[in-house]
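Asker: Can you keep this structure in mind? I'll have questions shortly.
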Amino acid sequence: NPKRFSVVHVDLVGPLPLSNGLRYLLTILDRATRWIEAIPLQDTRAETIVTNFFSGWVARFGIPQTIHSDRGPQFTGSLWGHLGQLLGVKNLFTTSYHPQSNGIIERFHRTLKTSLAARISQEGESWVKALPFVLLGLRSSTPCIPGSELSPLHLLLGEAPRLPLTLVNEGERLPDKKLFERLQDLKHSPPRVIPETSSRFPSAVDKLKKAEFVFVKNIPIPPSLSPTYLGPFKVLKKFDRVFELDFGQRTDHVSIDRLKSAFGIRDILPSFGEF
């Protein structure tokens, strides 16, 4: 298992809708803690990537030992390679036969886009303004790694941060003493990364059975950063493959194939929309 901030994954997101001259995101993820950075960019030139990786990551967290990326020209070019040599970093790339080897950050991209779209839909703000709020929510989510009680924010700060109640359930915070002991354990032995398919963890259907609120998938598939899911909506009744939901002025039955559980949002009013 890697030490904290020793193995990172990098990737690019975009093009996104133009906002303040910005169209892309440089995403950087620490494998051990799942701490994530998403840095807005004007373009994806190699010079832009190198400059922002150094200022947005290295200057804050130090030099990693290994960087995983895809085979995009920004990461296989001479400038990125020269940065690796200068810093003493080992660059690893996905292969044509196994592009999923950088899947850890690609899965994050799906969550990031969904969260951004939801924030934009609810608040009517640009993705650049929505990004800090979305990142705070992702960084404070627990567990960050299967088998761990701590979020990326806990692991970074070494203590439980104060957060808006809509982002974290206060009842799930660890007592300070237990948190400190757990953090010390993780410092010397980071949690083992367990495949997502492990039977130790509940499936999406199991989560839905416990959910009081759900998101409904938007059909047909919307353009980038348009809401992929609408809601959240309150669950009125649960059947085997169908849930009855409260859409404000009406109720309707929706297949569970279009539903995603929404935990920790009791105080957020549903955004009613056609689906």
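Please treat every number below as a calculation from the coordinates, not as lab data. Just so it is clear, the structure is predicted and the values come from calculations on it, not from any experiment. For neighbour counting, all protein chains shown are included, and Cβ atoms are generated from backbone atoms with ideal geometry for every residue, glycine included.
Asker: Would you kindly state how much longer the chain becomes between N91 and R250 on full extension, computed as 0.36 nm times their sequence separation minus their alpha carbon distance, in nm to one decimal? Mind dumping the intermediate values first?
Answerer: On the way: separation 159, 0.36 × 159 = 57.24 nm, distance 5.42 nm.
Once the chain is fully extended between N91 and R250, it gains 51.8 nm.
Asker: Using a cut-off of 12 Å between beta-carbons, work out the net charge of the residues near T66 (Lys and Arg +1, Asp and Glu -1, T66 not included).
Answerer: Working: positive: K3, R31, K90; negative: D30.
Around T66, the charge tally is +2.
Asker: So, one more: Taking the beta-carbon count within 10 Å as an exposure proxy, list V13, V8 from fewest neighbours to most.
Answerer: Working: V13 22, V8 25.
So the ranking, lowest neighbour count to highest, is V13, V8.
Asker: Could you give the nm distance between label points at Q65 and K207, where each point is 7 Å from its Cα heading toward the beta carbon?
Answerer: Each label point is offset 7 Å from its Cα along the Cβ direction, giving 3.1 nm.
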